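Asks: Take a look at the following structure, please.
The values are calculated or read from the model by the stated rules, or taken from the named source; none is laboratory data. Computed from a predicted structure; not experimentally measured. Neighbour counts are summed over all protein chains in view; Cβ atoms, including those assigned to glycine, are modelled from backbone coordinates with ideal geometry. The protein model used for the area step is the full one, side chains on, heavy atoms only, and it has no ligands, DNA or RNA in it. Shrake-Rupley method; radii C 1.70, N 1.55, O 1.52, S 1.80 Å.
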Amino acid sequence: MSSKPTAIVPDATSRMECRVIDPPHPAVIDGGRLLEACELRTQRRSGPGGQHRNKTSSGAFLTHRATGIVGEATERRSQAQNRDVALLRLRYLLAIEIRTPSPLDPSAWNAERHEDTIRRRYANHSLRLNDANDDKPAVLALVLNDLWVAGGQPSLLAPEWSVSTSKIVSLIRSYGPALAWTNRVRSHHERLPLH
């Protein structure tokens, strides 16, 4: 009778190379503060939509100054609406591309107020979050921080978030780029992909 091997956090030196910054993670801070940390550029965009498409410079491009990551939206006629969509897209991009320290690595982690608030709010939660939920990019960013440290092993996150492994996996699967990123981490550690 064989027993299933116990998952362990890999050594820090074996982690996949990522862009790591000091907390708080930019996907965790509120929209107003994130906007202040961005450069807004507007422009007209051509494309389908006929005579009513972007007769003004309604396309919005938000560049996060510290990272250079850009969120954009051009499909709406209102610049304000495009800015809001671009901000949400930017938060998702930041959640995928940027890492901050994780509590799974006590040597590098110190509790940070914004991140701690999200962790406490969603501990013991179903983690079923709609894509338009303002907290989803923040939760994804923190879960991906933990997965990066854990070598892509969701079972190691379950105790930290006080949820089942399947809820962690469901959250990751709910956003395609998060699943792709997690599978890159798993491949780096020679683990099979999540489906």
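Asks: If I ignore ligands, DNA and RNA and count only protein heavy atoms, how much of Leu35 is accessible to a 1.4 Å probe, in Å² to the nearest 10?
Replies: Roll a 1.4 Å probe over it and Leu35 shows about 60 Å².
Asks: Which whole-Hz couplings ³J(HN,Hα) result when phi for each residue of region 14-23 is put into the Karplus expression 6.51 cos²θ - 1.76 cosθ + 1.60, θ = phi - 60°, listed in order with x for Gly and Pro?
Replies: Couplings: 9, 5, 4, 5, 9, 7, 10, 10, 6, x Hz.
Asks: Let me ask another. Using the heavy atoms of the protein chains and a 1.4 angstrom probe, tell me the accessible area per residue for the chain in square angstrom.
Replies: 53
Asks: Moving to a separate point now. Per DSSP helix of 4 or more residues, -39500 (n - 2.57); summed, then divided by the residues of the chain. What does that give at 222 nm, rounded to the nearest 500?
Replies: One gets -11500 deg cm²/dmol as the mean residue ellipticity at 222 nm.
Asks: Please report the relative contact order for the chain, taking Cα pairs under 8 Å with a sequence separation of at least 6, and give it as a percent rounded to a whole number.
Replies: Relative contact order for the chain comes out at 22 percent.
Asks: A follow-up question, please. Could you please state how large a percent of the accessible area of the chain is carbon and sulfur, counting protein chains only and using a 1.4 Å probe?
Replies: 49
Asks: Now for a separate question. Relative to the compact-globule scaling 2.2 N^0.38 Å, provide the ratio for the alpha-carbon radius of gyration of region 48-190.
Replies: 1.19
Asks: Expressed as a rounded percentage, what relative contact order does region 62-171 have, with Cα pairs under 8 Å and six or more residues apart?
Replies: 23
Asks: Nearest 20 debye, what's the magnitude of the dipole of the chain about its Cα centre given +1 on Lys and Arg Cβ and -1 on Asp and Glu Cβ?
Replies: Value, rounded to 20: 780 debye.
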